[in-house]
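**Q** Encoded as structure tokens, here's the structure I'll be asking about.
The values are calculated or read from the model by the stated rules, or taken from the named source; none is laboratory data. Everything quoted here is computed from the prediction, not taken from an experiment. When we count neighbours, we look across all protein chains shown, and the Cβ atoms used for this are built from the backbone with ideal geometry, even at glycine. SASA here: full protein model, heavy atoms, side chains in, ligands and nucleic acids out. Shrake-Rupley method; radii C 1.70, N 1.55, O 1.52, S 1.80 Å.
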Amino acid sequence: MTNVYRYKENPIIEPIDVTPLHKNFEVIGAFNAGVTEFNGETILLLRVAERPVSTDPQIVKAPIYDVVNKKMQVIELDKGDAQYNFEDPRTIRRADNLGTFFYLTSLSYIRIARSKDGHHFKIDDQAFLYPFNSYQEYGIEDARCTKIGNTYYVNFSSVSRFGVCDSLISTKDFISYQDEGNIFAPENKDVLIFPEKVNGLYYALHRPSVSNVFNIWLASSPDLRSWGNHKQLISTRADKWDSGRVGGGIVPIKTEAGWLVIYHGATRNNRYCMGAMLLDRFDPSKVIARLENPILEPEASYEEKGFFGGVVFGCGGIVKNDTLRLYYGVADTSMAGCEMSIKEILAQLKEAKLE
Ligand code: MAN
């Protein structure tokens, strides 16, 4: 068992704290933030999800950003339309459930929240990352931030009619940024870039999804932009908390014992938890250990209930000596924070067998 100290202020950021950027839209989510420290402050790269206000329960609206004309478009669909499946509140799918999705019901972008004490946050008025190419016409989601030297690399899901790919920008000041392109082609998300080279190469975990298989892979790169040498790293485990899908969570943490990777796993019913595994320090393609049970699971009411309940989803944390301050999205709605002991997680990994 892992002892988890949830912040008493939880949820630390809620949709109500965020003013929508679009007229006639409402903020329904401020969640799944990438995390780093900058200028002595904790920075959360918040995924803000906005949706067009709907007054007619029979109509479902799908926002699409026209990047060329810099205009938001809203498509209206009738719930009675037999072509579509509206069961998942996050997406609009084909009625036959083939493929991924047609549209999303909200559009996400990245907004920064800043804090001096790690508990109380002030949210920027404007977006930091707003769709800037057509791969992002449905939004930008789930950022992760890796600091290498004095540059911050932020990768995220770019969502469009072409599917979900993973894109990279770099910044030194969290004001302006350089577009580093799409680093993983669709369908791929949950990319975690390691904070330093291992044997002369950069490494990243990524999560392709093909034919309903959602496993974590490893790739390496000489320059952070071109990735190859792809290897399958861990799979879902039948009948366990991570039986439906697994994907990277927070940027790997270097320890004496190896790379500590906190990843997310979900059941086929979409109950999302966080778990841990350990990779060889000198060869990250070697999985040394993986915990049988999650280190964090949805238990608190703000984790159980929300836009999409039963979800804890960590995209970033801050390590201070033995303490991991984990910031995580709850119920696809808000942000929460908690603390755990790294030693405690490593001690469990030492006992864990590899299955
Ligand atoms: C899934 C969910 C959504 C997300 C889409 C596209 O359906 O994670 O929240 O918007 O994928 O990434």
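**Q** Counting only the backbone N, which residues of segment 24-48 are under 20 Å from the spot 7 Å out from the Cα of residue 7 toward its beta-carbon?
**A** Within reach of a label on residue 7: 28-48.
**Q** Using the alpha carbons of segment 298-350, what is the convex hull volume per residue in cubic angstrom, as a whole number?
**A** Values: hull volume 4.0 nm³, N = 53.
Taking the convex hull of the Cα positions in segment 298-350, it is 76 Å³ per residue.
**Q** Moving on to the next point. Given a 1.4 Å probe and every protein chain left where it sits, what share in percent of the accessible area of the chain is carbon and sulfur? Each step should come with its number before you reach the end.
**A** Numbers: 7350 of 15410 Å².
Solvent-exposed carbon and sulfur of the chain make up 48 percent of the total.
**Q** Across segment 31-45, in residue order, what do the Karplus-derived ³J(HN,Hα) couplings come to in whole Hz, using 6.51 cos²θ - 1.76 cosθ + 1.60 with θ = phi - 60° and x for Gly and Pro?
**A** 8, 6, 7, x, 9, 7, 10, 8, 6, x, 10, 7, 10, 10, 8
**Q** Sticking with this structure for a sec: Would you tell me the accessible area of residue 236, worked out with a 1.4 angstrom probe on the heavy atoms of the protein chains, in Å² to the nearest 10?
**A** My reading of the accessible area for residue 236 is about 40 Å².
**Q** Given Cα pairs under 8 Å that are at least 6 residues apart, what percent is the relative contact order of segment 254-328? Don't skip to the end; give the middle numbers.
**A** Numbers: 129 pairs, mean separation 18.0, N = 75.
Dividing the mean separation by the residue count of segment 254-328 yields 24 percent.
**Q** Moving to a separate point now. Calculate one ³J(HN,Hα) per residue across segment 136-147 by plugging θ = phi - 60° into the Karplus curve 6.51 cos²θ - 1.76 cosθ + 1.60, and present them in order as whole Hz with x for glycine and proline.
**A** Calculated HN-Hα couplings, in order: 10, 5, 9, x, 10, 9, 6, 6, 10, 10, 10, 8 Hz.
**Q** List the residues whose amide H sits under 5 Å from the amide H of residue 288, counting only those 5 or more places along or on another chain, with H placed 1.01 Å from N in the peptide plane.
**A** Residues meeting the amide H criterion: 278, 279, 280.
**Q** Sort the following peptides by mean Cβ neighbour count (other Cβ atoms within 10 Å, averaged over residues), highest first: 171-181, 17-27.
**A** On the way: 171-181: 12.9, 17-27: 15.5.
Order by mean packing, descending: 17-27, 171-181.
**Q** Compute the separation of the alpha-carbon centres of segment 208-274 and segment 28-52 and state it in Å as a whole number.
**A** 22
**Q** Only helical DSSP H runs with n ≥ 4 go in: add -39500 (n - 2.57) per run for the chain, normalise by residue count and round the 222 nm mean residue ellipticity to 500 deg cm²/dmol. Let's see the in-between values first.
**A** Details: 2 runs with 14 residues, N = 355.
Theoretical 222 nm ellipticity from helices: -1000 deg cm²/dmol.
**Q** How many lysine pairs are close in segment 191-321, with Cα atoms under 21 Å apart and the two 8 or more places apart or on different chains?
**A** For segment 191-321, the number of qualifying lysine pairs is 7.
**Q** Could you name the lysines in cross-link range of residue 70, using Cα to Cα under 21 Å and dropping any fewer than eight places away on the same chain?
**A** 23, 61
**Q** Right, another one. Can you tell which of 169, 222, 255 lies farthest toward the positive end of the dipole of the chain, using +1 and -1 charges on the Cβ of basic and acidic side chains (Lys, Arg; Asp, Glu)?
**A** Value: 222.
**Q** A further question on this structure: Just to be sure I understand: with springs between alpha-carbon atoms less than 10 Å apart, which residue in 90, 271, 144 has the highest mean-square fluctuation in the Gaussian network model of the chain?
**A** 90
**Q** Next up: Can you work out the Karplus-derived ³J(HN,Hα) for every residue in segment 10-18? Use 6.51 cos²θ - 1.76 cosθ + 1.60 with θ = phi - 60°, whole Hz, and x for glycine or proline.
**A** Here the 3J(HN,Hα) series is 4, x, 7, 9, 10, x, 4, 7, 10 Hz.
**Q** Here's something else I'd like to know. Excluding residue 181 itself, what net charge comes from residues whose Cβ is under 14 Å from its Cβ, given Lys and Arg +1 and Asp and Glu -1? Numbers along the way, then the final one.
**A** Details: positive: 225; negative: 166, 179, 180, 223.
Result for the neighbourhood of residue 181: -3.
**Q** Go through 194, 282, 307 and list them by solvent-accessible area, largest first, probe radius 1.4 Å. Walk me through the numbers before you get to the answer.
**A** Details: 194 0, 282 140, 307 60 Å².
From most exposed to least exposed: 282, 307, 194.
**Q** Can I ask one more? Take peptides 100-113, 67-80 and line them up by average Cβ neighbours within 10 Å, highest first, as a rough protection proxy. Mind dumping the intermediate values first?
**A** Details: 100-113: 22.4, 67-80: 12.1.
The densest-packed peptide leads the list: 100-113, 67-80.
**Q** Given 4 °C and 1.567 mPa s, compute D for segment 66-116 with the Stokes-Einstein relation, Rh being the Kirkwood radius over Cα pairs; round to the nearest whole µm²/s. Don't skip to the end; give the middle numbers.
**A** On the way: Rh = 13.4 Å.
Here the translational diffusion coefficient equals 97 µm²/s.
**Q** Net charge near residue 40, counting Lys/Arg +1 and Asp/Glu -1 over other residues with Cβ under 12 Å of its Cβ?
**A** Numbers: positive: 114, 116; negative: 37, 41, 117.
Once positives and negatives cancel, what remains is -1.
**Q** Taking amide H positions as placed 1.01 Å from N in the peptide plane, with prolines and chain starts having none, which residues 5 or more places from residue 250, or on another chain, fall under 5 Å of its amide H?
**A** Under 5 Å from the amide H of residue 250 lie the amide H atoms of 262, each far enough along the sequence or on another chain.
**Q** Take the Cα radius of gyration of the chain and divide it by 2.2 N^0.38 Å, with N its residue count; two decimals is plenty. Can you show the working numbers first?
**A** Working: Rg = 19.2 Å, N = 355, 2.2 N^0.38 = 20.5 Å.
After normalising by residue count via 2.2 N^0.38 Å, the value is 0.94.
**Q** Right, here's the next one. Where a Cα-Cα gap under 14 Å defines reach, which aspartates and glutamates qualify for residue 147, not counting those fewer than 8 residues away within the same chain?
**A** Within reach: 37, 173, 196.
**Q** Using a 1.4 angstrom probe with every protein chain in place, what is the largest-first accessible-area order of 50, 297? Write out the running numbers ahead of the final one.
**A** On the way: 50 0, 297 60 Å².
Putting 50, 297 in descending order of accessible area: 297, 50.
**Q** Give the accessible surface of segment 5-351 per residue, rounded to a whole number of Å², with probe radius 1.4 Å and ligands, DNA and RNA excluded. If you can, show how the numbers build up before the last one.
**A** Working: 14710 Å² over 347 residues.
I get 42 Å² per residue for segment 5-351.
**Q** Report, by chain and number, residues whose modeled amide H sits under 5 Å from the one on residue 72, excluding near sequence neighbours (fewer than 5 apart, same chain).
**A** HN-HN under 5 Å from residue 72: 66.
**Q** In addition: How high is the relative contact order of the chain, in percent, with contacts defined as C-alpha pairs under 8 Å that are six or more residues apart?
**A** Details: 973 pairs, mean separation 55.6, N = 355.
Over the chain, the number comes to 16 percent.
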